[in-house]
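**Student:** Input: one structure, supplied below.
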C-alpha cells in the first residue's frame, strides 16, 4: 500500500477501515465484515439472554425480540455483501441458533 500526497495533504492508505458500522476495504473482502457482524450479533444475543430465557415471556415475544433486535444487528448492510457459499453457511448457522 502506498501513501498519497494530494495538494499538500498527506493521505495514508490503509487495508481496511470501519465506516458507519461497516468494514470497507480495497479488495472487496467481505469475510471480515461478516465475521464482525456475527460477533456483534452474539454480543446482542448475550445482552438479551436473560430476557430470552425467562419463562414469563411467550415464545412469540421471544421470537419478536430476536427478529427486531438481534437479526438486524447481524444483517446490517447485508444487501451490499457479495457472499461466498462458506459465508452463507456461517450466517445460516447463526440464524438457526436464535
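The values are calculated or read from the model by the stated rules, or taken from the named source; none is laboratory data. Everything numeric here is computed off the predicted structure, so don't read it as measured data. Quick reminder, even Gly has a Cβ in these numbers, built from the backbone with ideal geometry, and neighbours come from all protein chains shown.
**Student:** Can you tell me which residue is surrounded by the fewest Cβ atoms within 10 Å (Cβ to Cβ) among those in segment 17-47 that are in a loop (DSSP other than H, G, I, E, B) and touching a helix residue (DSSP H, G or I) at 6+ places or on another chain (Cβ under 9 Å)?
**Tutor:** Residues of segment 17-47 that are in a loop (DSSP other than H, G, I, E, B), as a first pass: 20-21, 26-30.
With the extra rule that they be touching a helix residue (DSSP H, G or I) at 6+ places or on another chain (Cβ under 9 Å), the set shrinks to 21, 30.
Values: 21: 12, 30: 19.
So the residue we want is 21.
**Student:** Go through segment 65-91 residue by residue and tally those that are farther than 14 Å from residue 44 by Cα and part of a helix (DSSP H, G or I).
**Tutor:** Adding up the residues that qualify gives 10.
**Student:** Starting from segment 4-23, take each residue that is over 23 Å from residue 81 (Cα atoms) and list its partners that are outside any strand (DSSP E or B) and at pLDDT 70 or above, counting only C-beta distances under 8 angstrom and pairs at least six apart or across chains.
**Tutor:** If the second residue must be outside any strand (DSSP E or B) and at pLDDT 70 or above, the pairs left are 4/13.
**Student:** Within segment 50-62, identify whether any single residue is surrounded by 12 or more Cβ atoms within 10 Å (Cβ to Cβ) and outside any helix (DSSP H, G or I), and answer yes or no.
**Tutor:** Initially, segment 50-62 is screened for residues surrounded by 12 or more Cβ atoms within 10 Å (Cβ to Cβ), giving 51-52, 57, 61-62.
Cutting the leftovers down to outside any helix (DSSP H, G or I) gives us 57.
Yes, segment 50-62 contains a residue that is surrounded by 12 or more Cβ atoms within 10 Å (Cβ to Cβ) and outside any helix (DSSP H, G or I).
**Student:** Quick check, is residue 50 more than 23 Å from residue 92 (Cα to Cα) and modelled with pLDDT under 85?
**Tutor:** Numbers: more than 23 Å from residue 92 (Cα to Cα): yes; modelled with pLDDT under 85: no.
So residue 50 fails the test.
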